[in-house]
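The values are calculated or read from the model by the stated rules, or taken from the named source; none is laboratory data. Keep in mind that what you see is a predicted model, and the values were worked out from it rather than measured. With ligands, DNA and RNA removed, areas are computed over all heavy atoms of the protein, side chains included. Shrake-Rupley method; radii C 1.70, N 1.55, O 1.52, S 1.80 Å.
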Amino acid sequence: LTALFGPEHGFDASAADGAMVEDTFDPRTGLPVYSLYGSIKEPTLAMLAGVDILVFDMQDVGARFYTFISTLFYVLRGAAAAGKRVIVLDRPNPVNGSTLAGPTVEPGYESFVGIVPMPIRHGLTTGELACYFNTEFDFRADLRVVPLEGWQRSMWFDQTGLPWVPLSPGMPHLSTAT
């Protein structure tokens, strides 16, 4: 490992919703932790200088306004610009992958809580989102997805047998996502 990157809520998932997150150092490893939530949302060439491969391992909640998918969008775009490979460890959609619901973002109204035109409840896994972003927006990132095992589109997170790890102060339980 040469660097760590943190989304909204920081690398340790403790920052409040919308709170600016600054670059820091990880106390355990001494590695730099670059914030991708603040004035910089896309990894820069300087941040990626000592990085060969970025590994994206984050659990989404299944809703387009949860900003981890916006971070994924910018990680792919920044990695493509820097010529770096991205490996996405796929994660289940916790509110199942069969149900789509809600309006899409109107063109011209995209933001960090609505990065692309997709329904509020998008039905995709993290790996599927990565493939969609990379293809639809022609990033051409060197993307590899480590596939899920045992997940089916009809499954809710509590049916996976996986432990729910709090994603942020505002998303402490699966019931919050549902």
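Structure notes:
- Here segment 37-132 exposes an accessible surface that is 59 percent carbon and sulfur, computed with a 1.4 Å probe and the other protein chains kept in place.
- Alpha carbon centroid spacing (whole Å) that separates segment 47-86 from segment 134-178: 14
- Heavy-atom accessible area per residue - segment 89-172, 1.4 Å, Å²: 55
- Per the Debye calculation on segment 71-149 with a single equal scatterer at every Cα and no solvent contribution, log₁₀ I(q)/I(0) for q = 0.12, 0.13, 0.16, 0.27 Å⁻¹ amounts to -0.35, -0.41, -0.63, -1.31.
- Relative contact order computed over the chain (Cα-Cα under 8 Å; 6+ residues apart), in percent: 23
- Taking each residue as 0.36 nm, the span from ALA3 to ALA101 lengthens on full extension beyond its C-alpha to C-alpha distance by 31.6 nm.
- Rg/Rh for segment 46-178, where both radii come from Cα atoms and Rh is the Kirkwood radius: 0.96
- Isotropic mean projected area of the C-alpha convex hull, segment 6-87 (nm²): 5.5
- Given their separation in residues at 0.36 nm each and the Cα-Cα distance between them, GLU110 and ASP17 gain 31.6 nm when the chain is fully extended.
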